[in-house]
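The values are calculated or read from the model by the stated rules, or taken from the named source; none is laboratory data. Note that the structure is predicted; figures quoted are calculated from it, not measured. Counting neighbours? That spans all protein chains shown, and the Cβs are built from the backbone with ideal geometry, glycine included.
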Amino acid sequence: MIDAATTPADDLIFGLTHVVDLPGLTAASGLPISPDDIAAIIGEAERFAREILWPHTQAADRLGAIYENGVVRVPPSYRDAYRGWVDGGWQGLAAPAEVNGIPIGGQELPQALWMAVSELVTSGDMAFSLCPLLTAGAIEALVRFATPAQQEAWLPRLVSGEWTGTMCLTEPQAGSDLSQVRTKAEPDGIGSYRITGQKIYITWGDHDLTPNTLHLILARLPDAPPGTRGISLFAAPKVLPDGTPNALRCGGIEKKLGIHASPTCVMLFEGAEAQLVGEPNRGLNAMFAMMNAARLGVGVEGVAQGARALALAEAYAADRIQGGIPINRHPDVARMLAEMRAITLAGRLLALEAGAALDRSRLAGSDKGGASEARVALLTPIVKSWCTDRGVDVASLGIQVHGGMGFVEDTGAAQVLRDARIAPIYEGTNGIQAIDLVTRKLFRDNGTEMRAVIAEVRAADPRLAAAAQSLEQATAWMLDRGQADAAAAQASAAAYLDAAGWTLGGWMLARAARADARYAPLTTFYLARLLPRAAARLAEIEAADSLLALLPAA
């Protein structure tokens with residue numbers, strides 16, 4: 001088994017340097033990053049998470065975000081944490097240094113490195129980490145779609161962390177179906193717009209950490225066509241450039257199962273002054289730039305909560321004596337800990353692989369398409385869904401390791417499960433991610449990229465050959481049956497994605513074992529004990545009709 005001294009930070013450094021080869025990837029970019037650079041950045045991120053976030057996360061959860069008299073306040077410990085985040089320059093880690101000749105202050109470091117830092121910060125405190133995650137998504141959208149004047153006005157403040165950003169999509173009647181968006185944007189006659197409507201589930205929609213927040217909002221122009229074709233993207237600051245409050249406010253915060261310290265807001269736009277971002281009626285294109293980055297980030301949240309659950313469970317199992325020995329020496333407890341360890345590492349490495357593919361795509365120029373862009377598109381729904389589902393599984397196992405002590409709040413294990421449970425839901429539910437995988441990502445190239453990944457899986461380790469063959473056969477079934485019968489494809493989509501996740505997780509661990517023999521025992525455990533779960537899910541795929549027969553009549 002892996003040396004007990006190996007930490008998530010050690011695994012992240014190893015994964016970045018020896019599995020996805022970030023130094024090699026960046027060598028030709030003009031901004032090379034060395035293994036020592038990677039180790040230094042990950043070490044600092046681990047220190048920030050362990051020293052600033054971990055000690056206060058349970059207290060922050062108990063206190064939660066508070067809404068009183070129209071004001072949202074977050075736990076007091078977050079003030080020092082956010083100051084440390086800003087002072088460390090963390091928000092701009094992966095942002096460009098300049099856009100269109102405009103300096104915005106980013107460090108232009110790889111996305112894979114940002115994802116590694118995000119894992120550590122999210123393990124430290126998931127509720128806190130959502131604030132930087134949403135801001136990073138806003139930066140991504142504005143870099144790609146805002147005008148130079150907008151970029152100059154907003155990006156330096158977002159990149160520095162002086163401001164935070166939000167993503168305002170959901171409305172009471174428009175959740176996954178954005179064609180139902182009703183929020184209106186009326187031209188004001190002087191080049192701006194006035195936004196009127198209600199948005200719900202707005203993560204960090206209001207708070208007391210920064211003086212301003214930039215809201216990115218989906219809304220309809222007066223002459224917009226119906227459906228998703230008529231949605232535009234707008235940006236509205238909480239405070240206008242002249243220092244006056246904008247006509248928007250928080251109407252309340254949600255009482256939630258978890259992430260209590262993250263203010264999930266109902267946002268009311270009451271004629272708020274806003275600017276159009278990108279082209280009219282093309283708002284979803286711009287917003288999906290933000291959502292796709294966020295989806296990989298949410299996948300990392302699943303890994304991070306697994307890592308936190310594992311850390312708590314390992315410490316408890318080493319100290320808890322039953323039958324005269326620590327419970328980590330009992331085979332069934334050892335089995336649970338091994339599952340937690342192997343699944344978390346597989347998800348961690350798979351997320352880094354997706355981040356590295358995104359870096360390759362950006363270096364090549366994503367507008368040119370190519371294999372790297374196709375790899376990112378394929379891996380994004382798998383990382384988002386498989387890693388977050390597994391994060392919930394691992395958090396649940398963590399409670400089981402603790403026994404009764406896990407079911408009470410004092411150990412912190414219960415909080416991990418409560419926090420982890422949102423990740424399979426937001427930024428596109430995992431069911432929608434599975435449908436996206438089988439109805440869009442497979443069909444866009446008739447399965448070419450998936451077959452390329454399967455070929456790499458097969459070549460990584462002979463023990464993966466059978467799983468690779470089964471996934472290839474399932475892919476052929478999806479392409480054949482799914483193109484003719486969309487309902488059948490959707491009925492089997494979740495099983496297909498889950499099987500792909502288990503198989504690709506084995507692929508990543510096999511690559512780790514090939515790079516360092518320390519990872520061989522855990523890889524053997526995964527391939528022998530966990531990889532068979534892929535076969536079980538694949539067996540469901542051709543049974544689509546058994547589900548369709550149960551659908552209510554139209």
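Tally up the residues in the stretch 357-415 that are of a type in the set (A, V, I, L, M), in contact (Cβ under 8 Å) with a residue 60 or more places away in the chain and outside any helix (DSSP H, G or I), please.
0
Look at His215 and say whether it is in contact with a Cys (Cβ under 9 Å, 6 or more places away or on another chain), over 29 Å from Gly191 (Cβ atoms) and surrounded by 18 or more Cβ atoms within 10 Å (Cβ to Cβ).
Numbers: in contact with a Cys (Cβ under 9 Å, 6 or more places away or on another chain): yes; over 29 Å from Gly191 (Cβ atoms): no; surrounded by 18 or more Cβ atoms within 10 Å (Cβ to Cβ): yes.
No; evaluated as a whole, the condition is false for this residue.
Out of the residues in the stretch 23-38 that are touching a Ser or Thr at 6+ places or on another chain (Cβ under 8 Å) and not in a loop (DSSP other than H, G, I, E, B), state the one that is surrounded by the fewest Cβ atoms within 10 Å (Cβ to Cβ).
Of the stretch 23-38, the ones touching a Ser or Thr at 6+ places or on another chain (Cβ under 8 Å) are 23, 32-33, 35, 38.
Those still in the list that are not in a loop (DSSP other than H, G, I, E, B) too: 23, 35, 38.
Details: Pro23: 17, Pro35: 14, Ile38: 24.
The residue in question is Pro35.
Mind checking whether some residue in the stretch 6-18 is within 28 Å of Gln415 (Cα to Cα), among the aliphatic types (A, V, I, L, M), part of a helix (DSSP H, G or I) and touching a Leu at 6+ places or on another chain (Cβ under 9 Å)?
So far as the stretch 6-18 goes, yes, one or more of its residues are within 28 Å of Gln415 (Cα to Cα), among the aliphatic types (A, V, I, L, M), part of a helix (DSSP H, G or I) and touching a Leu at 6+ places or on another chain (Cβ under 9 Å).
For the structure I just gave you, tell me whether Thr166 is among the hydroxyl-bearing types (Ser, Thr, Tyr), buried (at least 21 other Cβ atoms within 10 Å of the Cβ), in a strand (DSSP E or B) and at pLDDT 95 or above. Lay out the reasoning, then the answer.
Details: among the hydroxyl-bearing types (Ser, Thr, Tyr): yes; buried (at least 21 other Cβ atoms within 10 Å of the Cβ): yes; in a strand (DSSP E or B): yes; at pLDDT 95 or above: yes.
Yes: the conditions hold for Thr166.
Run Glu456 past the list (1) surrounded by fewer than 24 Cβ atoms within 10 Å (Cβ to Cβ); (2) more than 26 Å from the chain's Cα centre (by Cα); (3) touching a residue at least 40 places away in the same chain (Cβ under 8 Å) and report the number of the one that doesn't hold.
Going through (1) surrounded by fewer than 24 Cβ atoms within 10 Å (Cβ to Cβ); (2) more than 26 Å from the chain's Cα centre (by Cα); (3) touching a residue at least 40 places away in the same chain (Cβ under 8 Å) one by one, Glu456 breaks only (2).
Are any of the residues in the stretch 472-484 in contact with a Gly (Cβ under 6 Å, 6 or more places away or on another chain), surrounded by 20 or more Cβ atoms within 10 Å (Cβ to Cβ), touching a residue at least 40 places away in the same chain (Cβ under 8 Å) and assigned to a helix (DSSP H, G or I)? Give the derivation first.
We begin by selecting, within the stretch 472-484, every residue in contact with a Gly (Cβ under 6 Å, 6 or more places away or on another chain); these are 475, 479.
After this cut, where a residue has to be surrounded by 20 or more Cβ atoms within 10 Å (Cβ to Cβ) as well, the list is 475.
Filter once more, keeping what is touching a residue at least 40 places away in the same chain (Cβ under 8 Å): none.
For the stretch 472-484, residues in contact with a Gly (Cβ under 6 Å, 6 or more places away or on another chain), surrounded by 20 or more Cβ atoms within 10 Å (Cβ to Cβ), touching a residue at least 40 places away in the same chain (Cβ under 8 Å) and assigned to a helix (DSSP H, G or I): absent.
Out of (1) surrounded by fewer than 24 Cβ atoms within 10 Å (Cβ to Cβ); (2) at pLDDT 95 or above; (3) not in a helix (DSSP H, G or I), what's the single condition that is false for Pro156?
Going through (1) surrounded by fewer than 24 Cβ atoms within 10 Å (Cβ to Cβ); (2) at pLDDT 95 or above; (3) not in a helix (DSSP H, G or I) one by one, Pro156 breaks only (3).
Of the residues Thr380, Thr411, which is closer than 21 Å to His56 by Cα, of a type in the set (Ser, Thr, Tyr) and surrounded by 19 or more Cβ atoms within 10 Å (Cβ to Cβ)?
Working: Thr380 fails: closer than 21 Å to His56 by Cα.
Only one candidate passes the filter, namely Thr411.
May I ask you to list pairs of residues, at least six apart or on different chains, whose Cβ atoms are under 9 Å apart, with the first in the stretch 140-152 being within 13 Å of Leu233 (Cα to Cα) and the second being basic (Lys, Arg) and surrounded by 15 or more Cβ atoms within 10 Å (Cβ to Cβ)?
So the pair list comes out as Phe145/Arg282.
For the stretch 422-441, what are the residues that are in contact with a helix residue (DSSP H, G or I) (Cβ under 6 Å, 6 or more places away or on another chain) and part of a loop (DSSP other than H, G, I, E, B)?
Correct list: Ala423, Pro424, Glu427.
Ile253 passes all but one of (1) over 30 Å from Leu417 (Cβ atoms); (2) touching a strand residue (DSSP E or B) at 6+ places or on another chain (Cβ under 7 Å); which number fails?
(1)
Just checking, does the stretch 215-234 include any residue being of a type in the set (S, T, N, Q) and more than 30 Å from the chain's Cα centre (by Cα)?
So in the stretch 215-234, the residues of a type in the set (S, T, N, Q) come out as 228, 232.
Of the ones still in play, those that are also more than 30 Å from the chain's Cα centre (by Cα) are none.
No, the conditions are met nowhere in the stretch 215-234.
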